[in-house]
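Taken together, the values in this text are just the output of simple stated rules run on the coordinates, not laboratory data. Worth saying up front: this structure is predicted, and the values here are computed from it rather than measured. Heads up, the Cβs are rebuilt from the backbone with ideal geometry, glycines too, and the neighbour counts pull from every protein chain shown.
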Amino acid sequence: MSFRNAAEAYVGAHGSAWRNSKHRDQWTSTLSTYAYPVLGHLDVSRIESTHILRVLEPIWLTKTETATRLRGRLERVLDWASARDFRTGPNPARWRGHLENLLANPAQLRRVVHHKALAADEMPGFMARLKKVDGQGARALEFAIFTAARSGEVRGAVWAEIDLANAVWTVPAERMKAGREHRVPLSEPAMALLRTQKAGDSTSPVFTAPSGVPLSDMTLSAVLRRMKVDAVPHGFRSTFRDWIAERTAYPNEVAEMALAHTIASKVEAAYRRGDLVGKRRQLMQDWAEFLKPQPAAQASKSQAARRGTKRASAGTAR
């Protein structure tokens with residue numbers, strides 16, 4: 001049994017349980033690019049640590065995240081081979097007690113790259129500019145900001161997911177990162193935006209390219225580039241989260257539920273059955289109100305108040 005045959009057999013056995021085709025594509029891509037040139041032809045019974053290191057070391061420092069995922073995939077393929085009696089002995093791709101002694105800790109190598117985002121105070125002015133931009137990309141970006149949703153969730157939205165009568169957008173589990181259905185209460189401005197869209201049948205995308213197909217993954221980013229705004233679509237989720245923490249008294253669990261984040265605690269996840277949609281409806285309406293452009297006089301007054309607060313804080317510090 002060659003490593004390549006073992007890997008393909010593993011994917012065939014487990015692929016149907018994976019959340020989406022993208023996961024299968026990532027497996028195939030990383031193995032084809034990095035593992036098969038070194039391991040593909042080798043009998044799985046003969047693969048040793050030196051072979052694994054020949055795959056991982058060239059990319060461990062430069063493509064750390066890819067390398068760590070690849071290591072896990074190598075380990076699972078070789079575990080499958082052992083379970084099928086194609087090899088014996090310890091797994092040479094295991095991390096604990098083995099590769100951790102041969103390779104640098106990936107957690108210490110990774111640099112956290114934050115998504116570029118606007119500060120909360122810049123949002124009302126930005127939204128006023130965005131509203132004047134023509135095109136479906138601009139409308140999809142507006143909707144993403146109003147709903148604090150991910151770009152892919154917005155671009156993939158179809159009319160069957162939108163309950164206009166109850167002002168709720170239900171994103172099915174298969175389109176969510178966490179694999180769990182997510183209900184988004186729609187604020188008044190979000191509803192008003194939807195009413196400007198041309199509704200098709202239930203399977204029609206809410207936001208479409210001129211050809212009628214869903215928007216591409218670069219369309220929303222292109223809107224920001226044309227506006228010369230130094231931010232990315234995903235960054236507005238960070239802005240939303242900062243606004244909740246700094247400007248509101250909403251509990252952390254309401255904020256995390258609004259962002260459809262996975263609950264880290266398995267115990268908490270087991271007991272939390274609801275999705276706090278009632279509380280989140282008021283949160284999304286408050287967010288929409290915050291995003292409304294301020295009249296010039298009110299904006300000047302707000303800026304003066306912020307400067308006064310900063311001066312007072314500085315005086316207290318002295």
For this session: Positive end of the charge dipole of region 136-291 (Lys, Arg +1 and Asp, Glu -1 on Cβ, about the Cα centre): tell me which of N166, L224, M176 has its Cα farthest that way.
Result: L224
Exercise. In region 10-148, if every C-alpha pair distance is counted and binned at 5 Å from zero, what percent goes to each bin?
Worked result: 2, 8, 15, 15, 13, 10, 7, 7, 7, 7, 5, 3, 1, 0
Exercise. To the nearest 20 debye, what is the magnitude of the charge dipole of region 120-297 about its Cα centre, counting +1 on the Cβ of each Lys and Arg and -1 on the Cβ of each Asp and Glu?
Worked result: 200 debye
Exercise. For the chain, with the dipole built from +1 on Lys and Arg beta-carbon atoms and -1 on Asp and Glu ones, taken about the Cα centre, which of L42, Q294, V77 lies farthest toward the positive end?
Worked result: Q294
Seminar exercise, completed: If one builds a Gaussian network model of the chain from Cα atoms under 10 Å apart, the most fluctuating residue listed among P214, P92, P189 is P92
Exercise. Which pairs, out of K22/K116; K131/K228; K22/K228; K132/K292; K132/K177, put more than 20 Å between their alpha-carbon atoms?
Worked result: K22/K116; K22/K228; K132/K177
Problem set entry | Sequence of E48, E75 once ranked by neighbouring C-beta atoms within 10 Å, starting from the fewest | E48, E75
Exercise. Is any helix in the chain, taking whole DSSP H runs, at least 15 angstrom long along its axis by alpha carbon and on average at least -1.0 on the Kyte-Doolittle scale, and which ones?
Worked result: 3-14, 49-60, 64-83, 136-147, 235-247, 277-291, 296-317
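Taking the Cβ of each residue in E153, E256 as the centre, tally the other Cβ atoms inside 10 Å and list the residues starting with the fewest. Could the numbers behind the result be given before it?
Details: E153 19, E256 16.
Least to most surrounded, the residues fall as E256, E153.
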Problem set entry | Sequence of S238, S204 once ranked by neighbouring C-beta atoms within 10 Å, starting from the fewest | S204, S238
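Using only helices, what value at 222 nm comes out for the chain when you add -39,500 (n - 2.57) per DSSP H run of length 4 or more and divide by the total residues, to the nearest 500 deg cm²/dmol?
Values: 16 runs with 167 residues, N = 318.
Mean residue ellipticity at 222 nm (helix-derived): -15500 deg cm²/dmol.
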